[in-house]
Every structure is written in C-alpha cells, then in structure tokens.
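Asker: Below you will find the structure I want to go over with you.
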Amino acid sequence: AQSVAQPEDQVNVAEGNPLTVKCTYSVSGNPYLFWYVQYPNRGLQFLLKYITGDNLVKGSYGFEAEFNKSQTSFHLKKPSALVSDSALYFCAVRDGDSSYKLIFGSGTRLLVRP
Amino acid sequence: DTGVSQNPRHKITKRGQNVTFRCDPISEHNRLYWYRQTLGQGPEFLTYFQNEAQLEKSRLLSDRFSAERPKGSFSTLEIQRTEQGDSAMYLCASSWGELGNTDTQYFGPGTRLTVL
C-alpha cells in the first residue's frame, strides 16, 4: 500500500532563512507526489506535484520540492521563508496507478518567526 | 473560476440526527472527492465520483454515510444517525481528469461538523 511519512510535527525557522519540510514515501509502482498547505480553518491549497521528469519541481508562492528516488523522499523547500508561510503542510501520494485518491501524511506545522 | 464551494461551513447537531452537506465543484471538473479530516491529522479519503458515477468508496465509509452526484455537477454527503465520532472537517475536492493522467485536486473550505 502507498504511504507517506512526515517525520517532523513542527519546523521552526527564522524569516529570511531557507526552510525544508521533509516527506518520505513508500509506493509500489510510479510515485505521484503532492504538497498542499492549510491555513487555519481553511481547506487545502495545492502547492506542487511530481509526476515524472525533472527531480526539482517548482510550485506556487516560491516553493519547490526535490524528488529523490534513491532516498524515497520528496522534501519541500523555499530559499527564503516569510512569516506568512506559517501554516500546516501536507505531503500526499496518489494511491497507485488504478486509483485517483490521495493518501496524506500527518502534516508538519511550519512556524516562521520574525 | 470561483473555486470549490461547500455549504454549510459549520454544522452543529445532536447525536442521532441526520445531516447533509453540499459541495459545488469547479465548473466543468469531472471528478469530485470527499475527505474527512480530524484534528491534528491529514485528510482521509471517503469517496470519489467521475461525473455521476461513484467509483470508489473507503472502508471508513460506514453504512450511515451516503454520497451522491446526481447530474455530475454538485454532490451531497449525508450522514445518518450521527455519532460523536463523526465530528470532523469534511472536505470536498474536484479535478479535471483524463484517462491515465494524474490530475490536481482543488479543495473547498470544508464543512466543520460538531456532534453533541
């Protein structure tokens, strides 16, 4: 069965510093990976996805993610964090080639301090 | 493009009552998904429609839950005889998908259900 793991419940970073939110995956078959962000009392907003091709995926709001097949990781990154980036981030994987549902990680809270 | 909308945004009900939620997807999106999110957890898949056909249901979806998408546009999720364990945020998402591709799901703001 497909799964993703987000090993950090919370990540703290100072504004202006680079940030990384970690995600590892386990799939049988092709990995289709996603990152979403959730602000308080809001739905999820799509940031980016990896289907195939370049290992570095660029997304919304200056975020990017690096797909690493050998380490089965898909870490979310941003070169310079903003206080407004503080939110809950979810990594997700499509549940195989024959299903379109997403399986989400438990989420990582990002706190960017001024 | 007004995004995915969900109504109501909040629902408080007493145990044993029935509730119904509505989701209006992004116009022309052929796929519609329902997820449930409890506090401190990631969303969990409930069910999925392609046009009006319900193609997949989670084992989490007990007999008390039913979802419809009668004309392939909006969808409703009904919970009968609500229990306190049903308290959660119910999220709807929609996408435009073609056979074999991996579409992007766009989420609505959710309906927060509280069962007293």
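Asker: Using a 1.4 Å probe, what is the accessible area per residue for the protein assembly as shown, in Å²?
Answerer: 49 Å²
Asker: Here is a further query. Charges only on Cβ, +1 for Lys and Arg, -1 for Asp and Glu: so what's the dipole of chain A about the Cα centre, in debye to the nearest 20?
Answerer: The dipole of chain A has a size of about 120 debye.
Asker: May I pose another question? When a/c reaches 1.5 or more, the comparison of a/b and b/c decides; with that in mind, is the protein assembly as shown rounded, prolate or oblate per its Cα gyration tensor? Don't skip to the end; give the middle numbers.
Answerer: Numbers: a/c = 1.88, a/b = 1.42, b/c = 1.33.
The shape class here is prolate.
Asker: Provide the net charge surrounding B:Ser58, with neighbours chosen by a C-beta distance below 10 Å and charges set as Lys +1, Arg +1, Asp -1, Glu -1.
Answerer: Every neighbour counted, the sum reads +2.
Asker: What net charge do the residues around A:Asn30 carry, taking every other residue with its C-beta under 9 Å from that of A:Asn30, with Lys and Arg at +1 and Asp and Glu at -1?
Answerer: Working: positive: A:Arg94; negative: A:Asp97.
Net of charged neighbours comes to 0.
Asker: Additional query: Do you know the Lys pair count in region A:49-114 for C-alpha distances under 17 Å, with sequence separation 8 or more or different chains? Intermediate values should be presented prior to the final figure.
Answerer: Details: A:Lys49/A:Lys58; A:Lys49/A:Lys69; A:Lys49/A:Lys77; A:Lys49/A:Lys78; A:Lys49/A:Lys101; A:Lys58/A:Lys77; A:Lys58/A:Lys78; A:Lys69/A:Lys77.
So the count works out to 8.
Asker: Between chains B and A, what is the buried accessible area in Å², counting both sides, with a 1.4 Å probe and ligands, DNA and RNA left out, to the nearest 100?
Answerer: So the buried area, both faces added, is about 1800 Å².
Asker: Quick check for me: using +1 on Lys/Arg Cβ and -1 on Asp/Glu Cβ, what's the dipole size of the protein assembly as shown about its Cα centre, in debye to the nearest 20?
Answerer: 600 debye
Asker: What are the GluC sites (Glu not before Pro) within region B:23-81 that DSSP puts in a loop, where the Cβ has at most 10 other Cβ atoms within 10 Å? Can you show the working numbers first?
Answerer: Numbers: sites: B:Glu28, B:Glu44, B:Glu52, B:Glu56, B:Glu68, B:Glu78; in loops: B:Glu28, B:Glu52.
When the GluC sites (Glu not before Pro) of region B:23-81 are filtered for loop state and at most 10 Cβ neighbours within 10 Å, B:Glu28 remain.
Asker: What ranking of A:Trp35, B:Trp96 comes out by heavy-atom accessible area, probe 1.4 Å, highest first? Intermediate results must be reported in sequence, preceding the final value.
Answerer: On the way: A:Trp35 0, B:Trp96 130 Å².
Listed by decreasing accessible area, they come as B:Trp96, A:Trp35.
Asker: How large is the dipole of region B:16-116 about the Cα centre if only Lys and Arg carry +1 and Asp and Glu carry -1, each at its Cβ, rounded to the nearest 20 debye? Before the final figure, lay out each step's value.
Answerer: Numbers: 10 positive and 12 negative charges, 46 e Å.
Computed about the Cα centre, the dipole is about 220 debye.
Asker: To the nearest Å, what is the center-to-center distance of region B:93-116 and region A:18-61, using C-alpha atoms only?
Answerer: A separation of 16 Å, based on Cα centres.
Asker: I've got another one for you. At a 1.4 Å probe, what is the % contribution of carbon and sulfur to the accessible area of the protein assembly as shown?
Answerer: 47 percent
Asker: For the charge dipole of chain A, defined by +1 on Lys and Arg C-beta atoms and -1 on Asp and Glu C-beta atoms about the Cα centroid, which residue among A:Val11, A:Leu44, A:Asn55 has the Cα displaced farthest towards the positive pole?
Answerer: Sorting the options by dipole projection puts first A:Leu44.
Asker: Same structure again: Can you give me the relative contact order of region A:1-55 as a percent, contacts being Cα pairs under 8 Å and 6 or more apart?
Answerer: Details: 55 pairs, mean separation 16.2, N = 55.
Rounded, it is 29 percent for region A:1-55.
Asker: Between the chain alone and the structure with every protein chain in place, find the residues of region B:16-65 that drop at least 10 Å² of accessible area; heavy atoms, 1.4 Å probe.
Answerer: B:Arg31, B:Tyr33, B:Tyr35, B:Gln37, B:Gly40, B:Gln41, B:Gly42, B:Pro43, B:Phe45, B:Tyr48, B:Glu56
The values are calculated or read from the model by the stated rules, or taken from the named source; none is laboratory data. None of these values were measured; they are calculated from a predicted model. Note that each Cβ is placed from the backbone with ideal geometry, even for glycine, and that neighbours are counted across all protein chains shown. Remember, those area values only see protein heavy atoms, side chains included, never the ligands or the DNA or RNA. Shrake-Rupley method; radii C 1.70, N 1.55, O 1.52, S 1.80 Å.
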